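These notes are about the structure you will find just below.
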Amino acid sequence: MGKDQKKIKPQKIEKAMKEDEIGNDFDKEISIHRGKVVHYVTELEFLTEQIILNYFELTKSEELSNAFVHSFFSSEGFGLSSKHTILGYIITNIFPNFKENHPYLLDTFDSLIKTRNRYAHDKVVRLYRSDYKVYILSDVKTKGGKPDVRTSLLNDETLEKFYGKYWNVKTELQILLDLIKKRQ
């Protein structure tokens, strides 16, 4: 800092804000919906981890299982996309009958991952029409040097579709996990 510059002290906060004082009811509703989507896909990620651990029989040793979970699953380079890829390998190459009976599992799970990413990262845009508010998730990317705006409605109907897909994927992943456990 140069001698002509003054150090700026942060302002003293008189009172800490409580969570219920932040934002309005609509902001809270959006946060709840976004949080639920992230939470539910995290549950599917946990089930996927259980499938991988059990398939590779890493659960036979608690020490090995813990070491694998803490060092490998928690590493930055081994995210949900990598786990989904391993799941796809297991289903396609090891359990072809399961894949035949559940042909849409991997694609549906992939669409849930994309939905999770949108709910977690996209901006919320509010459009005011008549007496109600419409919320849209929006993300701008560049495609061929031009802006490409992706939008989707953030409403109860889109969430209901998400929940339906979630329950289907969760049920099918649990069936696969049970199948792997019985094989051991």
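Computed from the coordinates by the stated procedures, all read-outs in this text should not be read as laboratory data. Given the structure is predicted, the values throughout are model-derived calculations rather than measurements. We place every Cβ from the backbone using ideal geometry, glycine too, and count neighbours over all the protein chains shown.
So which residues in the range 134-160 are among the basic types (K, R) and surrounded by 11 or more Cβ atoms within 10 Å (Cβ to Cβ)?
R150
Among the residues of the range 142-156, how many are over 18 Å from I30 (Cα atoms) and either of a type in the set (V, I, T) or touching a residue at least 60 places away in the same chain (Cβ under 8 Å) (or both)?
So the count comes out to 2.
Does the range 120-127 contain at least one residue that is assigned to a helix (DSSP H, G or I) and farther than 20 Å from K170 by Cβ? Step through it out loud before you land on a result.
Within the range 120-127, the first condition is being assigned to a helix (DSSP H, G or I), and the residues that meet it are 120-121.
Adding the requirement that they be farther than 20 Å from K170 by Cβ leaves 121.
Yes, there is a match, as at least one residue in the range 120-127 is assigned to a helix (DSSP H, G or I) and farther than 20 Å from K170 by Cβ.
Across the range 40-87, what is the number of residues that are in a loop (DSSP other than H, G, I, E, B) and either over 20 Å from the mean Cα position of the chain (by Cα) or basic (K, R) (or both)?
3
Just the residues that are surrounded by 15 or more Cβ atoms within 10 Å (Cβ to Cβ) and either within 17 Å of the chain's Cα centre (by Cα) or closer than 16 Å to R116 by Cβ (or both), please, taken from the range 161-184.
Hits for the range 161-184 are F162, K165, Y166, N168, V169, K170, L173.
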